[in-house]
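Right, one structure below, let's go through it.
The values are calculated or read from the model by the stated rules, or taken from the named source; none is laboratory data. Only a predicted model underlies this, so the values are computations on that prediction, with no experimental measurement involved. Quick reminder, even Gly has a Cβ in these numbers, built from the backbone with ideal geometry, and neighbours come from all protein chains shown.
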Amino acid sequence: MTKWIIATALGLALLYLIALYNGLVRLRHEVTRSWANIDVLLKQRHDELPKLVAVCQQYARFEQDTLTRVMEARSAVRDARARNDVPRIGALEEQLRGLLAQVWAVAEAYPELSADARFGELSARISRLEDAIADRRELYNEAVNNLNVRVESFPDTLVAQALGFTPARPLTFAARDKADVDIAALFQR
C-alpha cells in the first residue's frame, strides 16, 4: 500500500512538473508569435517608406534632410530587427514615427504633394500599419507579461530556472515619445 501511495505521489508530481513545463513553453511560443506579428508589420511599413520618400523627392523643394533622416532611421531599425534587439527597436521605431510625423507636417506646406494621389495612398497605408503595430505591440507586451509572471512565480520559477526559461523584454517607448506631436515645432526646424 505504501509503495502505491509513493508511486501515485511521484506520478502526480511528475504530471504537475510536465504541466508547468508545457505552460511555460506555450507562453514562450506566444511571445515569439506575437513578436513575429509585429515584425511582419514593421517590414511592411519599412517597405512603404522608400516609396513615400521617392514621391516626396519628386517635389524638388521638399526638405531633403528630413527624407535622409527617415531613410537612416529605417536602416537603423532594420539592423536592430536583424539582431532581435527589442529595446533598441522600440527606441528606433519611436524615432522613426516622429520623423514620419515631421514628413506629414512638412508635406502640408506643399499643396501639390498633399494632393498627390500616391502620397495620399502611401500616407494612409503607413498610418494603418502604425495603428496595427500599436495593436500588436499591446498583444506582444501582454504575452511578455504572462510569460514573465510565470517565470517569476513560485513554483514555476524553479522549473523555469532549471530549464533555462528567462523573462522576455516588453516593447516600450519613452514617455516623451508617447506625447502628442508638436506640429508647430516641426515647421520651425
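When L20, L67, L49 are screened for being under 30 Å from R150 (Cα atoms), assigned to a helix (DSSP H, G or I) and not hydroxyl-bearing (S, T, Y), only L20 passes.
Here R78 meets the list (1) over 18 Å from E48 (Cβ atoms); (2) within 14 Å of the chain's Cα centre (by Cα) almost entirely, failing just condition (1).
Taking R61, is it of a type in the set (K, R) and at pLDDT 85 or above? Talk me through it step by step, then tell me what you get.
Details: of a type in the set (K, R): yes; at pLDDT 85 or above: no.
For R61, the condition - of a type in the set (K, R) and at pLDDT 85 or above - is not met.
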